[in-house]
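All of the numbers you see were taken from the coordinates with simple rules; none came from a lab. Everything quoted here is computed from the prediction, not taken from an experiment. Note: ideal-geometry Cβ built from the backbone for every residue, glycine included; neighbour counts use all protein chains shown.
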Amino acid sequence: MKSKTSPQIAVHLGRLKLKNPVMTASGTFGYGEEYADYVDLNRLGAVVVKGLSLKPRLGNPPPRIMETTGGMLNAVGLQNIGVDAFIEEKLPFLRKYDVAVIANIYGETYDEYKKVAKKLSAAKGVHALELNISCPNVKKGGVSFGSDPKVAARVTQAVKEEASLPVIVKLTPNVTDIAVIAQAVEKAGADAISLINTLTGMAVDLKTRKPYLRNITGGLSGPAIKPVALRMVWEVVKKVSVPVIGIGGIMTAEDALEFLILGAKAVQIGTANFINPHATMEVIEGIKDYLTANKIKDVNEIIGTFQP
Amino acid sequence: MAKNIYIGEISKNKEIQEDCFLMKVKVAASFETPLPGQFVMIRIAGLNDPFLSRPISIYSFSRRNNFCLIELLYRVVGKGTQIMAGLIEGSQVEINGPLGNGFEIDSVGKNVVFIAGGIGIAPMSLLIENLSRRFPSSLMTLYFGAQRETAVVGLDKPQKLCHDVNVCTDDGSLGEKNLVTQAFQKDMKKFLPANTSIYACGPRGMLLSLAKILNKGTFNCQVSLEERMACGTGACMGCAVAVKDKKNTLAYQRVCADGPVFNLRDIIWE
């Protein structure tokens, strides 16, 4: 145990209480099991699991990923085992840990979103839902729900009607004005907003003149997108009053602190997990060290203290 | 909470054939002994460009007094391996591993046939080394193919441990001028399917042609696949390969966590 001078790092996102502001981003941490040998899951603020759909999804044909400067493109296409298999096979493992579990959900129709939300609300061991209305790699649903404020609001409302759990809505950056979407989902009842999902991108193989990804386009993630993510979080925190979760290219505690200072109540670590499975732990420790070094007793004291 | 990322120190990194390097990395003694077919994710400590770690199969592994020595045989094919090739002795790398599933070893007393193309010899060499402790060399046969003599690597150990080593090159500059799969096909009747295990690793074209050759028969053949990877631990779903699942329907499995060793018969070639 550290001395009593160790800073307080718990944060509250409305009803959702987290030990610390560091979560894993959906799609980068499997169902928790994949990293349980590397990371003490009990120490995480929350585990956000791979996006779940009503029925299992095959995902896109390979190749699915390509490295780019300061990041990577992916077009996995939401391959997942389906909500029922998740509840039956994966959730019991996560229940063994004292950690908030956030289920990221995806549907091709309003009805599918509702059904998945209902099943997860009834399951023991899920603490919140994160609506994926922002995946760029699937033909139906995904980003098409997230790029129109009316549609985004309607899907949020539909899920809110079914879900007893807090509902986080995850936004796509592939829109003209992300704050408009954020305001629409807030009005529709979102308990929190997370952003950003990946930016749609491409890579071309000069030898074959073909795309590196079979899907042609993919979602860009990694440190290359952090400045864009920061700008969008800034635009959103100015316009909404629900808690905002910052996502995008966070590799270090310094990166995470930038988002917190802008006004994000928590952050998600995504692609960093791939190249450093201990990234989440290092970010948590780094935030504590920063607070200690600056004689700040509580992480909440720095949230939203940006001085433009 | 068992797995660590190891800091490795390069003790040797030398070009041993055209564009082929042998890297020796010292890691802490707690490093788990790898099974043949397993791999490591390697990255240059503290460097974010190239961004992703590189999956490299383990060529050799030994325990010393207070450390382990991992040997990686790799070909320079892109930015990541290019930078790896430039690392000097004493440089530090981050190693995550051993990862993935190794080859399943069948019962003793069978013939074992190894088919390797180019740098695909790396996991085969470790497998041959491992099997030689249990199988007499008279049961072990290697078919190895490369584009040309200057691309022939990794035969040192196999040549000592297998009684029959067949080398093919595309241009005939060393061994037989033939494709490795055709050299094997010519000898196929020497082996009885019930009494033979085949292990293969090599480029996609080689594995596809092997799949066609073995399609009608009943030979059991395990192959080690290669794919671009981000995490190496099963989380990112990036390294998908199309396979027939238990219900005989199309599924995408992860080369890193479900493989890299697959049953050749399960792979769906498009």
TODO: Over the Cα atoms of the protein assembly as shown, compute the convex hull volume and normalise it per residue, giving Å³.
DONE: 161
Task: Helix B:204-214 axis, angle to chain B major axis (alpha carbon atoms, nearest 10°) - done: 30
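Work out, in µm²/s and without decimals, the Stokes-Einstein translational diffusion coefficient of segment A:1-42 at 20 °C, 1.002 mPa s, Rh from Kirkwood over C-alpha pairs. List each step's numbers first, then the result.
Details: Rh = 12.5 Å.
Answer from the Stokes-Einstein relation: 171 µm²/s.
Remind me, relative contact order of chain A in percent, using alpha carbon pairs under 8 angstrom and six or more residues apart?
Working: 730 pairs, mean separation 61.6, N = 308.
With pairs under 8 Å counted, the relative contact order is 20 percent.
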TODO: In nm, give the distance between the simple-model label positions of B:ALA28 and A:ASP148, each being 7 Å from the Cα along the Cα-to-Cβ direction.
DONE: 5.5
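If you rank A:TRP234, B:TRP269 by fewest surrounding Cβ atoms within 10 Å, what's the result? Walk me through the numbers on the way to the answer.
Numbers: A:TRP234 18, B:TRP269 9.
Ordered by Cβ neighbours within 10 Å, fewest first: B:TRP269, A:TRP234.
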Task: Stokes-Einstein D in µm²/s, Kirkwood radius over Cα pairs - segment B:225-270 at 25 °C with 0.890 mPa s viscosity - done: 231
Open item on the list: With n ≥ 4 as the cut-off for DSSP H runs, can you work out [θ] at 222 nm for chain B, using -39500 (n - 2.57) per run divided by the number of residues, rounded to the nearest 500?
Closed with: -4500 deg cm²/dmol
Open item on the list: Need one value for B:41-54: mean number of C-beta atoms belonging to other chains within 10 Å of its residues' C-beta atoms.
Closed with: 3
TODO: Measure of size requested: the Rg and Dmax of segment B:1-122, with Cα atoms as the atom set and Å as the unit; please supply both.
DONE: 14.9, 48
Task: Low-density loop positions, chymotrypsin sites (Phe, Trp or Tyr not before Pro), segment A:46-98 - DSSP coil, at most 15 other Cβ in 10 Å - done: none
Task: Value of Rg/Rh across segment B:151-209 [Cα atoms, Kirkwood radius] - done: 0.95
Open item on the list: Let me confirm one metric for peptide B:120-131, namely the mean number of other chain beta-carbon atoms within 10 Å of its residues' beta-carbons.
Closed with: 0
- [ ] Provide, as a two-decimal number, the C-alpha radius of gyration of segment A:233-307 over 2.2 N^0.38 Å, N being how many residues it has.
- [x] 1.08
Task: Other-chain or far-sequence residues with amide H under 5 Å of A:ALA25's (modelled H) - done: A:ILE269, A:GLY270
Task: Whole-Hz couplings from phi, Karplus 6.51/-1.76/1.60, listed for segment B:34-43; x for Gly and Pro - done: x, 8, x, x, 6, 9, 10, 9, 10, 8
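Using alpha carbons only, what's the Rg to Rh ratio of chain B with Rh from Kirkwood?
Dividing the radius of gyration by the Kirkwood radius yields 0.95.
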- [ ] Calculate the spin-label point distance for B:ALA194 paired with A:ARG95, positioning each point 7 Å from the Cα along the beta-carbon direction, and give it in nanometres.
- [x] 4.9
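Fully extended, how many nm does the chain gain between A:ASP205 and A:HIS12 (0.36 nm per residue separation, minus their Cα-Cα distance)?
On the way: separation 193, 0.36 × 193 = 69.48 nm, distance 4.60 nm.
Extra length available between A:ASP205 and A:HIS12 comes to 64.9 nm.
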- [ ] Take peptide A:269-279, look around each residue's Cβ out to 10 angstrom, count Cβ atoms belonging to other protein chains, and average those counts.
- [x] 5
Task: Debye log10 I(q)/I(0) for segment B:8-59, one point scatterer per Cα, at q = 0.15, 0.16, 0.26 Å⁻¹ - done: -0.51, -0.59, -1.30
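Over chain A, what portion of Cα pair distances is larger than 28 Å, expressed as a whole percent?
On the way: 15595 of 47278 pairs.
So the pairs more than 28 Å apart make up 33 percent of the total in chain A.
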Open item on the list: Which one, B:LYS244, B:LYS110, B:LYS190, has the greatest fluctuation when you compute a Gaussian network model over chain B with C-alpha springs under 10 angstrom?
Closed with: B:LYS190
TODO: For B:HIS163 paired with B:SER138, estimate the spin-label separation in nm (one decimal), with each label point 7 Å from Cα along the Cα-to-Cβ line.
DONE: 0.5
Open item on the list: Just to check I understand the Karplus step: with θ = phi - 60° and J = 6.51 cos²θ - 1.76 cosθ + 1.60, what whole-Hz values come out for segment A:26-39, glycine and proline as x?
Closed with: 4, x, 10, 9, x, 9, x, 4, 4, 10, 5, 7, 9, 10
- [ ] Among B:LEU47, A:LEU129, rank each residue by its count of other Cβ atoms within 10 Å, from fewest to most, as a rough exposure measure.
- [x] B:LEU47, A:LEU129
TODO: Identify all lysines with a Cα-Cα distance to B:LYS189 below 20 Å; exclude those on the same chain that are fewer than 8 residues away in sequence.
DONE: B:LYS110, B:LYS212, B:LYS216
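Run the helix sum for chain A: -39,500 (n - 2.57) per DSSP H stretch of 4+ residues, divided by residue count, reported at 222 nm to the nearest 500 deg cm²/dmol.
On the way: 9 runs with 87 residues, N = 308.
So the calculated ellipticity at 222 nm is -8000 deg cm²/dmol.
For segment B:103-224, what percent of Cα pairs sit more than 22 Å apart?
On the way: 1882 of 7381 pairs.
Percent of Cα pairs beyond 22 Å in segment B:103-224: 25.
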- [ ] Please grab the % of Cα pairs in segment A:103-211 that end up more than 19 Å from each other.
- [x] 42
Task: Cα-only Debye scattering, segment B:122-168: base-10 log of I(q)/I(0) at q = 0.22 Å⁻¹ - done: -0.71
